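Below you'll find the structure, written out as structure tokens, and then a few comments.
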Amino acid sequence: MHNMTQLTLQALLRRANRQGVAPLLLGAACLFGQSTAIAQDYPTKPIRYVVPNTPGVIVDIVARVMAAEMTKTLGQPMVVENKPGGNYVVGFEHVAKQAPADGYTVVSVLVPSMAILPVTARGLSFDPLKDLPPVIGIAEGKYVFGVGAAQSWKTLAELAAAAKAAPGKFNFGESSPPVYLLAEFLLSGLGASVTHIPYSSGGGYLQALIAGEVQMGFVGEGSAIGFGEKFRVLGVTGANRSPAYPNVPTFRELGHPAIPGLSLSMNVRAGTPKAATDRLAAAAQKALQTPEVKAQFAKLQLEVTGQSAEVAARALADEAKMYSDVAARIGFKPQ
């Protein structure tokens, strides 16, 4: 059988040579052989896990948790490397433009920070949506929208009615472009005219929200839990209600299904061999099912998602479109 296969291949090559396509066939054979080698041998050296932020923040912690567990499966160390700067741009650009597309560099992504770059960053040297595709969607945290306890509104409908009755009277706060555009998206969907108050730091914004300097805004679920009874949650992101706020409806229940949560993914440079990304995805899926990873994520108020590359890419594109549409509507310009 083996000899027959060899004879058949030789005959095909002789015919291809007469037709002038032998080089193409040989090239394809070489690529096939290279892909097979990658599938069998990958990885053969350490893998860099780039974090486009400083140590200790959520995107860094998630990378370290995943790296420790994936190392056990891959048989090679995953080494976390922090590359902060430029609101994530420095780290993203390094992976998209400088690191080889060989499967030995991945990047930890806080999805809102990548999805919003096309409307916030000037002169990008890469396309966030095309040049850094997801390998896997890792986890999702919840944004919550709420008010200080001094406000009388008990539901999102009550807030919307009050804002409609007194256009411009009430304020919402934020300290980052994603939260700003997310709030604009929700409030416009409610038909509410609310004044925007920007803050230069997250701490300053959160203090203003609790003190009543602004009446409403989005915060991370962990911050809301830390506020206790000083903050009243009116809506939460995600497919399911938050265990911390079982009586609070999701935005899907409230008729606003496009409000995204705080998701994280693992991405690579475009052109990375599929054999490598498949191996990475399988190792990440295995890590996400371990009790150790689930416990670590629970401490961060994160829920494991384990989205396929295709689902994660679609979610990234949808979130980017939402930011782009809102930015165009309100005339938001890159900072």
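Looking at the structure I just gave you, is Ala150 in a helix (DSSP H, G or I) and small (Gly, Ala, Ser)?
Considered against the rule, which asks whether it is in a helix (DSSP H, G or I) and small (Gly, Ala, Ser), Ala150 comes out as no.
Would you pick out the residues in the stretch 45-73 that are in contact with a Phe, Trp or Tyr (Cβ under 9 Å, 6 or more places away or on another chain) and either polar (S, T, N, Q) or modelled with pLDDT under 95 (or both)?
Asn53
Quick check on this structure: which one of Leu264, Leu254 is over 30 Å from Glu158 (Cα atoms) and among the aliphatic types (A, V, I, L, M)?
Leu264
Can you pull out the residues in the stretch 155-197 that are out of contact with any strand residue (DSSP E or B) (no Cβ under 9 Å at 6 or more places or on another chain) and either aromatic (Phe, Trp, Tyr) or not assigned by TED's automatic domain parsing to the domain that holds Gly212 (or both)?
Answer for the stretch 155-197, where residues must be out of contact with any strand residue (DSSP E or B) (no Cβ under 9 Å at 6 or more places or on another chain) and either aromatic (Phe, Trp, Tyr) or not assigned by TED's automatic domain parsing to the domain that holds Gly212 (or both): just Phe185.
Name the residue that is nearest to Asn240 (Cα to Cα), counting only residues in the stretch 289-318 that are assigned to a helix (DSSP H, G or I) and over 16 Å from the mean Cα position of the chain (by Cα).
Ala298
Can you tell me which residues in the stretch 164-184 are hydrophobic (A, V, I, L, M, F, W, C) and farther than 19 Å from Val248 by Cβ?
Ala165, Ala166, Phe170, Leu181
Checking the structure you have, find out if any residue of the stretch 286-296 is over 30 Å from Tyr180 (Cβ atoms), at pLDDT 95 or above, in contact with a strand residue (DSSP E or B) (Cβ under 7 Å, 6 or more places away or on another chain) and in the same structural domain as Leu132 (by TED's automatic domain parsing).
Checked against the condition, which is being over 30 Å from Tyr180 (Cβ atoms), at pLDDT 95 or above, in contact with a strand residue (DSSP E or B) (Cβ under 7 Å, 6 or more places away or on another chain) and in the same structural domain as Leu132 (by TED's automatic domain parsing), the stretch 286-296 yields at least one hit.
Scan Pro133, Pro177 and give me the residue that is at pLDDT below 95, touching a helix residue (DSSP H, G or I) at 6+ places or on another chain (Cβ under 8 Å) and crowded, with 17+ Cβ neighbours inside 10 Å.
Selected residue: Pro177, the only one of Pro133, Pro177 that is at pLDDT below 95, touching a helix residue (DSSP H, G or I) at 6+ places or on another chain (Cβ under 8 Å) and crowded, with 17+ Cβ neighbours inside 10 Å.
Does the stretch 222-234 include one or more residues that are assigned to a helix (DSSP H, G or I), farther than 26 Å from Ala115 by Cβ and among the charged types (D, E, K, R)?
Scanning the stretch 222-234 turns up at least one residue that is assigned to a helix (DSSP H, G or I), farther than 26 Å from Ala115 by Cβ and among the charged types (D, E, K, R).
Select, from Gly271, Gly255, Gly228, the only residue that is more than 20 Å from the chain's Cα centre (by Cα), on the phi > 0 side of the Ramachandran plot and not assigned by TED's automatic domain parsing to the domain that holds Gly202.
When all the criteria are applied, what remains is Gly255.
Out of the residues in the stretch 98-109 that are outside any loop (DSSP other than H, G, I, E, B) and either free of Cβ contacts under 8 Å to residues at least 24 places away in the same chain or surrounded by 22 or more Cβ atoms within 10 Å (Cβ to Cβ) (or both), which is nearest to the chain's Cα centre (by Cα)?
So the residue we want is Val109.
The values are calculated or read from the model by the stated rules, or taken from the named source; none is laboratory data. All of these numbers come straight from a predicted model, not from anything done at the bench. Here Cβ is always computed from backbone atoms with ideal geometry, including for glycine, and neighbour counts include all displayed protein chains.
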